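Engineer: Here it is, the structure in full.
The values are calculated or read from the model by the stated rules, or taken from the named source; none is laboratory data. What you see is a predicted model; the values in this text were computed from it and never measured. Virtual Cβ from ideal backbone geometry, glycine too; neighbours counted across all protein chains shown.
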Amino acid sequence: MKRLEEIARRLGAEILNIGRPVKTVEQAVRETGASPKQVIKSLVIVSENGPLLVIVDGESKVSMEKLERFFGKCRFARPKEVKKLIGYEVGGIPPVGVPLRTVVDPKVLENEYVIGGGGAIDRLLKIAPWKIAEYQKAEVLEVRD
């Protein structure tokens, strides 16, 4: 958690302590006043070419079909796998500081800022999306349905 706070500070991002669980796009919208398009989902996907962090906006769903064109057979990581792979719980996965190959859907980059997981289910991270792509050395690929 300390490491995420340090990364956030360095990237000019803001950690929002909500004080209650925020696990869905709808809850994040309600708590922050952001639009669903500004809320991002950071998802851990297990592909035959290794685990991935896939980031899409809150209005979109990940297309496994599109992901599989780039990375071979894919599936969502189970909660225990997520914790083991990256040390975060599902629902609190931040878009930065995750040591996985990262894919950002281009629609995410249309926002001035986005709201994502803040490392715990009661925290969110407000950050410029291009900083996510830059920090994570992300591949920008259209992977939404």
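Engineer: With respect to residue 114, is the statement that it is out of contact with any Lys or Arg (no Cβ under 6 Å at 6 or more places or on another chain), closer than 16 Å to residue 129 by Cα and not aromatic (Phe, Trp, Tyr) true?
Structural biologist: Values: out of contact with any Lys or Arg (no Cβ under 6 Å at 6 or more places or on another chain): yes; closer than 16 Å to residue 129 by Cα: yes; not aromatic (Phe, Trp, Tyr): yes.
Against the criterion (out of contact with any Lys or Arg (no Cβ under 6 Å at 6 or more places or on another chain), closer than 16 Å to residue 129 by Cα and not aromatic (Phe, Trp, Tyr)), residue 114 qualifies.
Engineer: To continue, here is another question. Among the residues of region 18-65 satisfying the criterion of being in a loop (DSSP other than H, G, I, E, B) and among the hydrophobic types (A, V, I, L, M, F, W, C), which is farthest from residue 81 (Cα to Cα)? Working first, answer last.
Structural biologist: Filtering region 18-65 for residues in a loop (DSSP other than H, G, I, E, B) gives 18-24, 33-35, 48-49, 58-61, 63.
Next, from what is left, pick out any that are among the hydrophobic types (A, V, I, L, M, F, W, C): 18, 22, 34.
Working: 18: 26, 22: 21, 34: 30 Å.
So the residue we want is 34.
Engineer: Considering only region 19-36, state which residues are of a type in the set (Val, Ile, Thr) and surrounded by fewer than 17 Cβ atoms within 10 Å (Cβ to Cβ).
Structural biologist: Step one: of region 19-36, the residues of a type in the set (Val, Ile, Thr) are 22, 24-25, 29, 32.
Passing the criteria: 24, 32.
Engineer: If you scan region 92-107, which residues turn out to be of a type outside the set (D, E, K, R) and either buried (at least 19 other Cβ atoms within 10 Å of the Cβ) or more than 14 Å from residue 131 (Cα to Cα) (or both)?
Structural biologist: As a first pass, look at region 92-107 and keep what is of a type outside the set (D, E, K, R): 92-100, 102-104, 106.
Correct list: 92, 93, 94, 95, 96, 97, 98, 99, 100, 102, 103, 104.
Engineer: Right, another one. Within region 80-105, which residues are outside any loop (DSSP other than H, G, I, E, B) and either within 13 Å of the chain's Cα centre (by Cα) or closer than 14 Å to residue 52 by Cα (or both)?
Structural biologist: The first filter runs over region 80-105 and keeps only residues outside any loop (DSSP other than H, G, I, E, B), leaving 80-86, 101-104.
Within region 80-105, 81, 82, 83, 84, 85, 86, 101, 102, 103, 104 meet the criteria.
Engineer: Here's another thing I want to ask about it. For residues that are more than 23 Å from residue 85 (Cβ to Cβ) and crowded, with 17+ Cβ neighbours inside 10 Å, tally how many sit in region 5-15.
Structural biologist: Adding up the residues that qualify gives 0.
Engineer: While we're looking at this one, here's another question. Quick check, is residue 42 surrounded by 17 or more Cβ atoms within 10 Å (Cβ to Cβ) and either small (Gly, Ala, Ser) or more than 24 Å from residue 106 (Cβ to Cβ) (or both)?
Structural biologist: Working: surrounded by 17 or more Cβ atoms within 10 Å (Cβ to Cβ): yes; either small (Gly, Ala, Ser) or more than 24 Å from residue 106 (Cβ to Cβ) (or both): yes.
Against the criterion (surrounded by 17 or more Cβ atoms within 10 Å (Cβ to Cβ) and either small (Gly, Ala, Ser) or more than 24 Å from residue 106 (Cβ to Cβ) (or both)), residue 42 qualifies.
Engineer: Restricting attention to region 118-145, which residues are surrounded by fewer than 20 Cβ atoms within 10 Å (Cβ to Cβ), closer than 13 Å to residue 13 by Cβ, hydrophobic (A, V, I, L, M, F, W, C) and in contact (Cβ under 8 Å) with a residue 24 or more places away in the chain?
Structural biologist: Matches in region 118-145: 128 only.
Engineer: Using beta carbons and a limit of 9 Å, which pairs, at least six apart or on different chains, have the first residue in region 94-115 and of a type in the set (Phe, Trp, Tyr) and the second one crowded, with 17+ Cβ neighbours inside 10 Å?
Structural biologist: So the pair list comes out as 113/13; 113/34; 113/38; 113/126; 113/127; 113/129.
Engineer: Output the residues belonging to region 23-40 that are without any contact (Cβ under 8 Å) to a residue 40 or more places away in the chain and either in contact with a strand residue (DSSP E or B) (Cβ under 8 Å, 6 or more places away or on another chain) or of a type in the set (Asp, Glu) (or both).
Structural biologist: Applying the first criterion (without any contact (Cβ under 8 Å) to a residue 40 or more places away in the chain) to region 23-40 yields 24-27, 29-30, 33, 35-36.
Once the filter is applied, which keeps residues that are without any contact (Cβ under 8 Å) to a residue 40 or more places away in the chain and either in contact with a strand residue (DSSP E or B) (Cβ under 8 Å, 6 or more places away or on another chain) or of a type in the set (Asp, Glu) (or both), region 23-40 yields 25, 26, 29, 36.
Engineer: From the list 81, 65, 89, 110, pick out the single residue that is modelled with pLDDT under 95 and either surrounded by fewer than 19 Cβ atoms within 10 Å (Cβ to Cβ) or in contact with a Phe, Trp or Tyr (Cβ under 8 Å, 6 or more places away or on another chain) (or both). Full working, then the answer.
Structural biologist: Numbers: 81 fails: modelled with pLDDT under 95; 65 fails: modelled with pLDDT under 95; 110 fails: modelled with pLDDT under 95.
Only one candidate qualifies: 89.
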